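The values are calculated or read from the model by the stated rules, or taken from the named source; none is laboratory data. Bear in mind the structure is a predicted one, so any value in this text is a computation, not a measurement. Ideal geometry is used to build each Cβ from the backbone, glycine not excepted, and the neighbour counts take in all protein chains shown. Note: accessible area is taken over every heavy atom of the protein model, side chains too, but ligands, DNA and RNA are not part of it. Shrake-Rupley method; radii C 1.70, N 1.55, O 1.52, S 1.80 Å.
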Amino acid sequence: MRIFVSKLFFFCITLTTVSSIAQSDELAKRLFEVHKTYREGSLTQRRFKQKDILPLIARRQGNPLYKIESVGESFEGRTIQMIKVGNGKKKVLLWTQMHGDEPTATMASFDIFNFLEGKNDGFDDYRKKLLENTTLYFVPMLNPDGAERYQRRTMQGIDMNRDAASRQTPEAVILKGLVDRLKPDFGFNLHDQMRYSAGRSPKVATISFLATSYDYELSINPVRERSMQLIVGMNKILQKYIPGQVARYADDHEPRGFGDNVQKWGTTLVLIESGVYVGDPEKQFIRQLNFMAILSALDKISDNSLTKEKRDEYYDIPENGRWVYDLVVRNATVRQSGKSFLADLGINRTEVNYANATKFFYYSKIEDFGDLHPQYGSEEIDATGLTIEKGKVYPTTYKNVSEVSKLNALNLLREGYTYVRLATDSNTRALGLYFTTSPLHILRGGQAAPSGTPGLGNTATFILKKAGKVKYAVINGFVYDLDNFNGGKGQGIIE
């Protein structure tokens, strides 16, 4: 009889867990689908500034759903605001853009506000449960000075996420003050990250997590265990939308980091990093994932269902790796000093700000050269049987970029010309590194063309030939197949 009761109890627990998972999956699915309804339409690209979100905050003044509070000023005197919503016992502090060039979760936060204001859409019970059980404190754009310049660090040149102990930035003082005053049960430290692979795989890490460590021993107390459980739950949901593209950071203790210290101070802290999704340069799909994942996590906090997750599954999430390039050229024949050998090229594209850091273009370099068989490319060229060469400089010098844009780029590339020269007095001279929509590499007067075989550290401009015929042109790290040419969205460069 005792064995039967024990089995029945286990069976009931299992059914409860399965039911909870199914409900969680269904909620996430519905949130994912409804995002387009609540997406904040005024934020469509990443390089916005504080002036772009201030009207979004101001229009919520007087709305009884919110309490809006000025919590201090940045180094340059910009007011930093906190938005409170909900009246529950469980307090959750969420902050975005402590790094000024990491805005994905800021966009998602305003999508969440729009969602919380909704009604009669099938989510009323969820909202009621969430706002009765939790109190949410959002600090969107903690580093507005950095956002103004679209830079990681504060105006002082300090990385705020390494200023939790010293607190020499006013922004760090503000965040520490909020943690001390609010004593939040949970915290979300919301970031963007550079290009990583999800473990040793060809897939880029689109979302990465970290349950920050509060000591060098990487101890796990109940506070940190809840971080792991929340992450396990979010990972299960995200795998349905970005399978194999969730990763985690190594949990080495960083004594200066806010995440590590907030965890040490007693708040269950989850760090979320928005990474890369191929074909989503403005991170609008990743924004949608943030919306879904954060609201799903808040649901688990509100009803404590996070405790059903197994913390050990946190370690099943692969660590961030450096195994993916934007472009890999494989097995190219290289000719140097009368000899031939095979080499792979690993190329990455870096964003360069312009127009007062409201827009960007790409600048690409060859970051590795040789045997890259353990690495992957988000895009790859099989250059077997193809010879890599630097392109030629077209003999005519042009006055300006407008003249260059009228050239037949395909004809030039077929003849092996990748470089076009501008006159010394070109009106682009003062711009420094710049871009062109023509699929060509433009050299200003006095700028020498690269010599020798394209290799490590060079701008990624070269041609790949077979039997003397150009098959591919790579201009500034972007590939043009000359047999199937599409130069309409050129990503050329001006040096």
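Can you go through I475, I442 and tell me which one is on the phi < 0 side of the Ramachandran plot, open to solvent by less than 50 Å² (accessible area, probe 1.4 Å), within 28 Å of the chain's Cα centre (by Cα) and aliphatic (A, V, I, L, M)?
I475
Scan (1) under 22 Å from V329 (Cβ atoms); (2) assigned to a strand (DSSP E or B) for the single condition N484 breaks and write down its number.
(2)
Looking at the range 55-114, which of its residues are farther than 25 Å from N353 by Cα and in a loop (DSSP other than H, G, I, E, B)?
Residues satisfying the conditions are R59, R60, Q61, G62, N63, P64, L65, N87, G88, K89.
Restricting attention to the range 180-201, and to residues there that are among the aliphatic types (A, V, I, L, M) and either farther than 29 Å from I317 by Cα or open to solvent by 20 Å² or more (accessible area, probe 1.4 Å) (or both), which single residue is modelled with the lowest pLDDT?
M194
What residue, among those in the range 216-264 that are open to solvent by less than 10 Å² (accessible area, probe 1.4 Å) and not in a helix (DSSP H, G or I), is nearest to Y315 (Cα to Cα)?
Filtering the range 216-264 for residues that are open to solvent by less than 10 Å² (accessible area, probe 1.4 Å) and not in a helix (DSSP H, G or I), the one nearest to Y315 (Cα to Cα) comes out as A247.
Quick check on the range 265-283. Is at least one of its residues open to solvent by less than 10 Å² (accessible area, probe 1.4 Å), part of a helix (DSSP H, G or I) and on the phi < 0 side of the Ramachandran plot?
For the range 265-283, residues open to solvent by less than 10 Å² (accessible area, probe 1.4 Å), part of a helix (DSSP H, G or I) and on the phi < 0 side of the Ramachandran plot: absent.
Can you pull out every residue in the range 321-370 that is of a type outside the set (D, E, K, R), farther than 16 Å from A383 by Cα, touching a Lys or Arg at 6+ places or on another chain (Cβ under 9 Å) and open to solvent by 30 Å² or more (accessible area, probe 1.4 Å)?
Hits for the range 321-370 are W323, T350, N353, A355, N356, T358, F360, Y362, Y363.
What pairs come up if the first residue lies in the range 462-473 and is over 15 Å from R335 (Cβ atoms), the second is open to solvent by 50 Å² or more (accessible area, probe 1.4 Å), and their beta carbons are under 7 Å apart, counting only those six or more places apart or on different chains?
What qualifies is V470/R414.
Taking the options E102, E117, name whichever one is out of contact with any helix residue (DSSP H, G or I) (no Cβ under 6 Å at 6 or more places or on another chain) and either open to solvent by 60 Å² or more (accessible area, probe 1.4 Å) or among the basic types (K, R) (or both).
That would be E117, the only listed residue that is out of contact with any helix residue (DSSP H, G or I) (no Cβ under 6 Å at 6 or more places or on another chain) and either open to solvent by 60 Å² or more (accessible area, probe 1.4 Å) or among the basic types (K, R) (or both).
Starting from the range 73-91, keep only residues that are free of Cβ contacts under 8 Å to residues at least 12 places away in the same chain and β-branched (V, I, T), then list their pairs with residues that are open to solvent by 40 Å² or more (accessible area, probe 1.4 Å) and part of a strand (DSSP E or B) whose Cβ atoms are within a distance under 9 Å, requiring at least 6 positions of separation or different chains.
What qualifies is T79/S70; T79/E73.
Before we move on, is R287 surrounded by 14 or more Cβ atoms within 10 Å (Cβ to Cβ), basic (K, R) and outside any helix (DSSP H, G or I)?
Against the criterion (surrounded by 14 or more Cβ atoms within 10 Å (Cβ to Cβ), basic (K, R) and outside any helix (DSSP H, G or I)), R287 does not qualify.
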